[in-house]
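Below is one structure; the comments refer to it alone.
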Amino acid sequence: MGAFLAAGVLFLACVAWVLARGKGQRLKGGIAALAVLAAIPVGVEVGHAVRDWQFQRDLPRYRAAATWASALAVPGDTVVVLSPPAAYADLAYAVHIRQDQTCGVWVDFFWGGGFPVKHTVRRYAADPSSMERKPCREGWRRSRWRAQGWYELAD
């Protein structure tokens, strides 16, 4: 978010610089302004690639953490773990485990935050087809398939 705001300020500065200069200098300022605009989608794509790589690197540990968390499931209830074991503490700041008839067992690893408050969850669904059911996705605006049984959700 901060980088996006900084890019907006830099773009406005480039536009102001273009408008304040003579004709010979406007081309340089225009190129700089276009470069700032082009950097935004490039930065987004690079960010997605880095996030994909990090998830694939950590997937074996996420699977082990999902096995640990699934054993804590209580039918019809949500179990909240605010301090995951040390082996998984860097994967999530909180873990929610749910088991019900509609969605089966799912484990949410809350790992992302930001400004303004944004939650990002890496969800393990024991039954991947449950993610096609609306009640199993409620409360999350976006969902992205990551691997077999794994999804990334964001509000």
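The values are calculated or read from the model by the stated rules, or taken from the named source; none is laboratory data. Treat the numbers as computed from the prediction; the structure is a model and nothing was measured. Glycine gets a Cβ as well: all are built from the backbone with ideal geometry, and neighbour counts include every protein chain shown. Remember, those area values only see protein heavy atoms, side chains included, never the ligands or the DNA or RNA. Shrake-Rupley method; radii C 1.70, N 1.55, O 1.52, S 1.80 Å.
Things worth noting here:
- Surface composition of the chain: carbon and sulfur atoms hold 64% of the protein heavy-atom accessible area at a 1.4 Å probe.
- Coupling constants for region 100-108 follow from the phi torsions by the Karplus curve (6.51 cos²θ - 1.76 cosθ + 1.60, θ = phi - 60°), and in residue order they are 8, 6, 6, 10, x, 9, 9, 10, 9 Hz; glycine and proline get x.
- Rounded to 10°, Cα long-axis angle of helix 2-20 versus longest principal axis of the chain: 10 degrees
- Computed from the alpha carbon atoms alone, the convex hull of region 54-104 holds 80 Å³ per residue.
- HN-Hα J in Hz across region 131-148 - Karplus 6.51, -1.76, 1.60, θ = phi - 60°, x for Gly and Pro: 5, 7, 8, 4, x, 7, 10, 4, x, 10, 6, 10, 9, 9, 5, 10, 6, 4
- Student exercise, region 33-155 dipole from Lys, Arg, Asp, Glu Cβ charges, in Debye to nearest 20: 160 debye
- Accessible area per residue in Å² at 1.4 Å probe, computed on the chain: 61 Å²
- Percent of beta bridges antiparallel (DSSP, the chain, rounded to nearest 5): 95 percent
- ASP127 long-range amide H proximity, modeled H, under 5 Å: VAL105
- Computed over all pairs of different Cα atoms, the Kirkwood value for the hydrodynamic radius of the chain is 18.1 Å.
- Equivalent ellipsoid dimensions for region 69-150 as semi-axes, Å, which come from the Cα gyration tensor, largest first: 19, 17, 12
- Calculated Rg and Dmax of region 106-155 using C-alpha coordinates, Å: 10.6, 32
- The C-alpha atoms of the chain define a longest principal axis, and helix 23-70 lies at about 10 degrees to it.
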